[in-house]
There are 2 protein chains.
Amino acid sequence: MPILDAKTGKVKKDYTVEELIEKAKEMRALDMIAVTASKSGHTGGTLSIVDVATALYLKHLRHDPATPDWDERDRVFWSTGHKAPVLYVALGMAGYFPAEETVKLRKLWSGFEGHPNRLKLPGIEASSGSLGQGLGLAVGSALRAKLDGKGYRVYCIMGDGEQQEGSVWEAIMSASHYNLDNLVGIVDKNGLQIDGKTRDVLNIEPLADKYTAFGWQVIRVDGHDMKAILKALGDAEKVKGKPTVILADTVKGKGVSYAENVVGYHGIAPKDGRCGNESLDRAITDIYGAGGGAFPKEKVNRILSIADNYQKEVTQKVDAMVPKFSRNYWWNAEGDMKVKMDPTRMGFGRALEKLGEDERVVTLGADITGSIRMADFYAKFPERKRRFFSCGIAEQNMTTVAAGLAKEGKIPFIGSYGVFITGRNWDQIRTTVCYNNYNVKIADAHGGVSVGPDGATHQALEELALMYYLPNMRIEVPCDSVETEKSTFAIAKLDGPALVRFGREGTSVVTRESSPFTFGVANVIRYRGRRQDFIDAFETVLGDAYRNEKEDLCIVAIGAMVPEAMRAACILKEEYGLETRVINPHTVKPLDTRTILQAAEDIGRIVTVEEHQTGGFGNVVAGVIGRGKKPGSAFIMDMIGVDDRFGDSGEPWELTKVFGLSAESIAERCRKLMSSGGK
Amino acid sequence: MPILDAKTGKVKKDYTVEELIEKAKEMRALDMIAVTASKSGHTGGTLSIVDVATALYLKHLRHDPATPDWDERDRVFWSTGHKAPVLYVALGMAGYFPAEETVKLRKLWSGFEGHPNRLKLPGIEASSGSLGQGLGLAVGSALRAKLDGKGYRVYCIMGDGEQQEGSVWEAIMSASHYNLDNLVGIVDKNGLQIDGKTRDVLNIEPLADKYTAFGWQVIRVDGHDMKAILKALGDAEKVKGKPTVILADTVKGKGVSYAENVVGYHGIAPKDGRCGNESLDRAITDIYGAGGGAFPKEKVNRILSIADNYQKEVTQKVDAMVPKFSRNYWWNAEGDMKVKMDPTRMGFGRALEKLGEDERVVTLGADITGSIRMADFYAKFPERKRRFFSCGIAEQNMTTVAAGLAKEGKIPFIGSYGVFITGRNWDQIRTTVCYNNYNVKIADAHGGVSVGPDGATHQALEELALMYYLPNMRIEVPCDSVETEKSTFAIAKLDGPALVRFGREGTSVVTRESSPFTFGVANVIRYRGRRQDFIDAFETVLGDAYRNEKEDLCIVAIGAMVPEAMRAACILKEEYGLETRVINPHTVKPLDTRTILQAAEDIGRIVTVEEHQTGGFGNVVAGVIGRGKKPGSAFIMDMIGVDDRFGDSGEPWELTKVFGLSAESIAERCRKLMSSGGK
């Protein structure tokens, strides 16, 4: 069934198979242009599903782009949210919005987020990004159709690596239990996932046998043969009494020579940008031949300029949101106060490499091993590979397997994006790790909005609340890559569950190997005046050694907010002559209550800063002060963080600014607190 | 292999098949005695696994009860922690401790908790209770054996309903990926689960085909044929290169006539207690014939008396922990101040029954439908059954299915034990429900330590921290069953995600249909002097209508702690002449900050009380006050809750007392805060 008019039921637009094949080329080109423009995004997995997407959105689905909410429309759930670029292109080509707009991929406020957001664009059935959740949604939608006697059909696009998530098998089991013959699962079987070949990361085969045993009809198809895809979709409609899965054999990166079957082209844009061996131009040539066919250079240039112009507008708007001062205090903006940038995750990797000398240390991977630097454990030591256990995209099982290893005397490290490694497996952490008091170490990676263009689903902002209230858990939130290394060593030494939270993007290095660091003791940091190097402009001492300087206010900051708090202290001093005591309690649990209470007594004005839902940390500080301070002494406080909203898709520093987490915003909030009085 | 001596490797004790069959009878008897003595526990599922447990612990396993930590021992993980009674009996019969001690089942501090706690008893490999986690642990243990060249074998006992959990399939996939031929899964296929027949609740068949497709060797066996069980265990040792699952066909309640194949005998003790049709005596007769065989009446009496005497000691110790006053203020202890007891869950059921009139309201079940009163939705209205979707023990999928139904215009209610309905599915709630802002309603049932004898794994103490920091979420924590009904109506009316937390056991009814209730507005409650009925001794007004009475202190309590706080207010007045403003902010999010701030300004002495990890709620209150109060005004506070520890197995009121959550303890803490000064 082609694109319809919701009101009349008449065909609005139809295509022949040949035209669809041509449209798929166009989609590939637009997809590559968008990914190139955004300098990030998922090249491989979008190219493998393009032909299926073309068949669905331009031919098979009953839908009307002019009436996205038409209740009779067929539904498609993209469980693999990271394939968003091709979803956007498909919606654009179908007529939901101008297809060329998709070049604003991953740019702030464009709606074309790193992972789909149903509240931002028409035609998106559900926001997704965390794997393994789409099929359950589709089951719910299909159940409603049965309940209300609706004739729409429901499709769910999944990845093959995604089949490792147990929640997928729950949904598979429930779909056949309810005989949902209005439901079709489509697995993009490109055979690769982030950590390598699916059969090596965690073998899912024989997948057809598995679906059959779970009561589904299985249809196999060449996922790049348009005619075959359409036939498979048609055949699925004839299956009665049970759900159907279409196992589409595909090639990751299909159609772009340098990306085909290359593991590394999972989540990145063409390495050489616009020109070169691995470039957009080469991709267009691969798709259309020399000359670029439907996408000559001028057209590509024009589309790319849409993104450039949009980004310029965004940059202006973002800058307008940041408070201005007499000079530019931004990182490395002037000749002095220089800092080095280094992602905190690098410190984790360095520590893990050294910790690997201990034979008891083992590591587990959930298909994001390189990016979170877990792979540094074995990168230079191939013999350690036997102490690395690839678990696939199965965070729950990774957690219990780690617990089993810990139980037998090993010191296992597990890790992933913060959302998935504290929230997907929360009950496993609670019951199997913490209640048993097993010696499992958690790398809570890619925390905070600074994750950037991946968007809200991948920006962990709740881990502290999830982990803080678990008995036996200990938590480190180091401030830079140097401290992350120390924190990792510190939690490795502990017996029992412990977590270290760190980020993805480069942030300022504000400590040295020689800087004070004691697990459970906060650092007090004082601004002493501008220097050539930012790091030298501050004095740092352990909280229990600090003597009151009767500062005007105190900022208690954690993680990547510590460098921002330090810079805020500099701004407050230079601009307003205010002295700030910055406290960095890298150990969030057990928290150094003494140093915090001392600041409450000494100063009485406290501002907490966290790259986290506001209060997850700040409320703990408030509780410490409320319960511990001397009767009769007053205090006021403010809390800076992400205020009860999800993150967004954009550049890391853009988001830091937009969410009010940069030093400029912190300084302004501090000044407001000062002017409100207190103490 | 029989029971060994860890030092010499010699056989310590061996049994013939005939002796094992006799031992299994003994185990059944001890199991039934323990369950009867505790008046709760899992009759059906323990009787179905007794023969397998006998074969393992008395014959097949290589282990030495005198050296529980012997590294060469075979490991058994009880993933179905609720079968704990038979684990205890098996360990006792093997010699880990006197078998008759198991009669202290589920009693406070006995170690024989409702679900196994490895830190309390020897021979328990891991604490368990939340389903679907044992096999991953077993995989970890088996991987370590491979890594270190250890010869021990690893067993994991699972339920058939448990096969509905996706985490089990993650573990199954990983075990075959790693060719773990030292791992044996045992599925107790008794065909029943709490909500009914497994094939009706959520069909898991054909289970053998599923395991085969996932790369496992499958062995089927009659789970009550001792010889066959031993052969199956032996055959499993011969399988090379892949894990083995033994699918044991069993009869739930096997050996006890009235419990055999009866769904209702999942989690309860013999209905008639010691004597009668469904009694312990009848069970012993069923096992041994008239006269009781190895368990004559005198012996049963003697064993039961061990439990009675132990309970008396516990009761004395618990009572000694509760502060004493000039009179007994305990619920219904004297002639006046009478209250009715009613579990808060009843209010949820009543509301749901009425809400069912709206055709858009649908309910979903996770195999605990009756107990949490979700079944009240259709109990009197069979035609509503089509709007009930049984999801099995698969909380993740239940959540996304509900989201799919919500997306299509339904108003779905999901629910389970608080741990499983906020923590097992946290990422699904975050990404699919909250980020999409879907209209899913969550029944957070059986919250707090008052769940009682089930123990720590089933006592949710972290939900507020998990849910509070999720954007779009709203939270109700009502104080009694009447208010639970109102709260349920309130969240049903909202558009978007919302949760109501309630408890399992009967707690005091302290509000009426006519009591003030407005979503988002706290109630202020004042003690006005003793009355015939407790409820009449208090005046309640909405927070925004309350006028300052210059009280001495303020208690901000939530949920079942509100009645305790009210009773504490009574004690404080009667014993010390102190006036207390009790605030009941049943809406925890969005919190009525105005009423709390007013109390901080008016009174300056705040005590928070939560049946939750301390601070999950209290720190939010501290944050509200810290951020919102007027500069210059001092305040002091205390927080009462569960102080960074897990719950325990015991009677609900025992636990309330032991955890310092009863009015007596609250009153004492308040008095201490008063004497510390403040304001």
Projected onto their principal axes, the Cα atoms of segment B:109-263 stretch, largest extent first, over whole-Å spans of 48, 43, 33
Row for segment B:3-288, column shape: gyration tensor on C-alpha, a ≥ b ≥ c, rounded if a/c < 1.5 i.e. under 1.5, prolate if a/b over b/c, else oblate; value oblate
How many Å² of accessible surface get buried when B and A come together, counting both sides, probe radius 1.4 Å, rounded to the nearest 100? 9600 Å²
Have a look at segment A:379-408 and report residues whose accessible surface goes down by 20 Å² or more when the remaining protein chains are included, against the chain on its own, probe 1.4 Å, ligands and DNA/RNA excluded. A:Arg386, A:Phe389, A:Ser390, A:Gln396, A:Asn397, A:Thr400, A:Val401, A:Gly404, A:Leu405, A:Lys407, A:Glu408
Is there a quick way to get the dipole size of segment A:523-675? I mean about its Cα centre, with the Cβ of Lys and Arg at +1 and of Asp and Glu at -1; what is the value in debye to the nearest 20? 580 debye
Over segment B:67-176, with a single point scatterer placed on each C-alpha, what log10 of the ratio I(q)/I(0) does the Debye formula yield at q = 0.11 1/Å? -0.36
Share of antiparallel DSSP beta bridges in segment B:3-288, in percent to the nearest 5? 15 percent
20 Å Cα-Cα threshold exceeded, pairs from A:Lys238/B:Lys407; A:Lys317/A:Lys340; A:Lys12/A:Lys59; A:Lys25/A:Lys252: A:Lys238/B:Lys407; A:Lys317/A:Lys340
Does anyone have the angle between helix B:226-238 and the longest principal axis of chain B? Alpha-carbon axes, 0 to 90°, nearest 10? 90 degrees
Sticking with the crude label model, points 7 Å out along Cα→Cβ, report the distance from B:Asp5 to B:Lys120 in nm, one decimal please. 3.4 nm
What's the angle, to the nearest 10 degrees (0 to 90), between helix A:166-177's Cα axis and the longest principal axis of chain A? 40 degrees
Nearest-first distances (nm) between copies at B:Gly276, label 7 Å from Cα via Cβ: 8.1
If the chain between B:Glu579 and B:Val262 were fully stretched, how many nm would it gain, using 0.36 nm times the residue separation less the Cα-Cα distance? 108.7 nm
Which one of B:Gln311, B:Ala94, B:Ser487 is farthest out on the positive end of the charge dipole of chain B, using unit charges on Cβ (Lys, Arg +1; Asp, Glu -1) and the Cα centre as origin? B:Ser487
Quick one: pull the percentage of alpha-carbon pairs in segment A:341-508 with a separation above 28 Å. 10 percent
In debye, nearest 20: dipole of the protein assembly as shown around its Cα centre with unit charges on the Cβ of K, R (+) and D, E (-)? 440 debye
How would segment B:523-675 be classified by its alpha-carbon gyration tensor: rounded, prolate or oblate, with rounded meaning a/c under 1.5 and the a/b versus b/c comparison settling the rest? oblate
What is the extension gain from A:Lys12 to A:Asp495, computed as 0.36 nm multiplied by their sequence separation minus the C-alpha to C-alpha distance, in nm to one decimal? 167.3 nm
Placing a label point 7 Å from Cα toward Cβ, how far apart in nm is B:Tyr576 from its equivalents in the other copies, listed shortest first to one decimal? 4.0
Percent breakdown of C-alpha pair distances by 10 Å bin, ordered from the shortest bin, for segment A:343-442: 17, 52, 29, 2
Working from the alpha-carbon coordinates of segment A:179-267, get Rg over Rh, Rh being the Kirkwood radius. 1.02
Mean shadow area of chain B, taken as a quarter of the surface of its Cα convex hull (nm²): 31.1 nm²
Please name which of B:Gln217, B:Ser127, B:Val262 has its Cα lying farthest along the dipole of segment B:3-288 towards the positive end, using unit charges on Cβ (Lys, Arg +1; Asp, Glu -1) and the Cα centre as origin. B:Ser127
Run the label-point distances for B:Thr518 please: 7 Å along Cα to Cβ, every other copy, nanometres, shortest first. 5.2
In whole angstrom, the spacing between the Cα centers of segment A:180-203 and segment A:571-615 equals 47 Å
Using alpha-carbon positions, what is the distance between the centroids of segment A:2-67 and segment A:428-488, in Å? 39 Å
Can you pull the mean other chain C-beta count within 10 Å for peptide B:634-640? 5
Hey, what did segment B:523-675 get for relative contact order, percent, Cα under 8 Å, at least 6 apart? 24 percent
Which FRET efficiency value, to the nearest 0.05, is calculated for B:Ile21 and B:Asp200 with the Förster distance at 30 angstrom and r the Cβ-Cβ distance? 0.35
Consider the operator that turns chain B into chain A: which B residue has a Cβ nearest its axis, and what is that gap in Å? B:Gly166, 1
Counting other Cβ atoms within 10 Å, keep those with at most 10, restrict to DSSP loop, and tell me which chymotrypsin sites (Phe, Trp or Tyr not before Pro) in segment B:231-319 are left. none
Acute angle (nearest 10 degrees) that the helix B:481-493 long axis makes with the longest principal axis of chain B, alpha-carbon atoms: 90 degrees
Please state, rounded to one decimal and in Å, the Kirkwood hydrodynamic radius that the protein assembly as shown gives when every pair of distinct Cα atoms enters the mean of 1/r. 32.4 Å
Rounded to the nearest 500 deg cm²/dmol, what is the calculated helix-only ellipticity per residue at 222 nm for the protein assembly as shown, with -39500 (n - 2.57) per DSSP H run of length n ≥ 4? -11000 deg cm²/dmol
Relative contact order, percent, of chain B when contacts are C-alpha pairs under 8 Å separated by at least 6 residues? 11 percent
Contour minus Cα-Cα distance for B:Asp533 and B:Ser675 (0.36 nm per residue): 48.0 nm
Within segment A:22-44, find all residues whose amide N lies under 19 Å from a label point positioned 7 Å from the Cα of A:Lys312 along Cα-to-beta-carbon. A:37-39
For an R0 of 60 angstrom, estimate the FRET efficiency from the Cβ-Cβ distance between B:Lys297 and A:Asp148 and round to the nearest 0.05. 0.50
Could you tell me what percent of the accessible area of segment B:523-675 is made up of carbon and sulfur, with a 1.4 Å probe and every protein chain present? 43 percent
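The values are calculated or read from the model by the stated rules, or taken from the named source; none is laboratory data. Source: prediction; values computed, not measured. In this analysis, Cβ positions are derived from the backbone assuming ideal geometry, glycine residues included, and neighbour counts consider all displayed protein chains. Surface accessibility is based on the protein's heavy atoms, side chains included, excluding ligands, DNA and RNA. Shrake-Rupley method; radii C 1.70, N 1.55, O 1.52, S 1.80 Å.
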